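Reading through the structure tokens given below for one structure.
The values are calculated or read from the model by the stated rules, or taken from the named source; none is laboratory data. Note that the structure is predicted; figures quoted are calculated from it, not measured. Note that we place each Cβ from the backbone using ideal geometry, even for glycine, and neighbour counts take in every protein chain shown. Areas reflect the complete protein model, heavy atoms only, side chains present, ligands, DNA and RNA absent. Shrake-Rupley method; radii C 1.70, N 1.55, O 1.52, S 1.80 Å.
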Amino acid sequence: TGAISITPPVGSPVQVAVTLSVTTAPSSVQTSVQPAALSFQAFVGGAAPASQSAIINSSNGIAVAWSAQASTASGGNWLSAAPASGLTPGTVFVSVNISNLVAGTYQGTITVSTPSATPTSQTISVSLTVGPAQPALLSLGSSALTFNTIVGQIPAAQIVSIGNTGSGSLNWTST
């Protein structure tokens, strides 16, 4: 504590009280990774499932450097995390590549390391279930078309969407 004295050219001096408080820095910054587990489903020969994300945060809004690394228990390198590093708050996108996998359940982890924070590493458990190949299955955007016109005029064209809700190739013809 102390005081500052201000003396004007005319009049009496004025005192301003000054207090300085010093606290210790926090012992460490806390980080969190959410969610702690991710689950993917796919079929042999089908499309890879969409990537999922995890959020990496730190306490008190302090920016903390992090890195993410994928590892798998079986099936090779089917799991990935991007970006591989960043600062909090951050997002890591987790993706799976099913192209070389057979039907089964696969386990992996994403390890998020934050060496300057507590805890220094956290894991996201990842489960991937690959089902057997599904036959190609034709799907239509609409099951009927209705044309309305006036005598002597050609009705407007309409579109029918054709899709494959199974996996593998789908060959089709229209008549």
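Once backbone amide H atoms are built at 1.01 Å from N, Phe43 has Gly131 as its partners under 5 Å, excluding neighbours fewer than 5 places away on the same chain. To the nearest µm²/s, what D does Stokes-Einstein give for segment 107-175 at 10 °C and 1.306 mPa s, using the Kirkwood radius over alpha carbon pairs as Rh? Roughly 88 µm²/s, to the nearest whole number. Give the calculated FRET efficiency between Gln52 and Thr173 to the nearest 0.05, with a Förster radius of 45 Å applied to their Cβ-Cβ distance. That gives a FRET efficiency of 0.75.
Out of the total accessible area of the chain (probe 1.4 Å, heavy atoms of protein only), what percent is carbon and sulfur?
Carbon and sulfur: 57 percent of the exposed surface of the chain.
Springs between alpha-carbon atoms under 10 Å, Gaussian network over the chain: tell me which of Thr123, Thr19, Thr105 tops the mean-square fluctuations. Fluctuation is largest for Thr19. Per residue, the chain exposes 66 Å² of accessible surface when a 1.4 Å probe is rolled over the protein heavy atoms with every protein chain present.
Here are several values of volume of the Cα convex hull per residue in Å³: (1) 232; (2) 266; (3) 183. Which one was derived from the coordinates shown? Answer label, from the structure shown: (2). The alpha-carbon atoms of segment 36-112 define a convex hull whose volume equals 80 cubic angstrom per residue.
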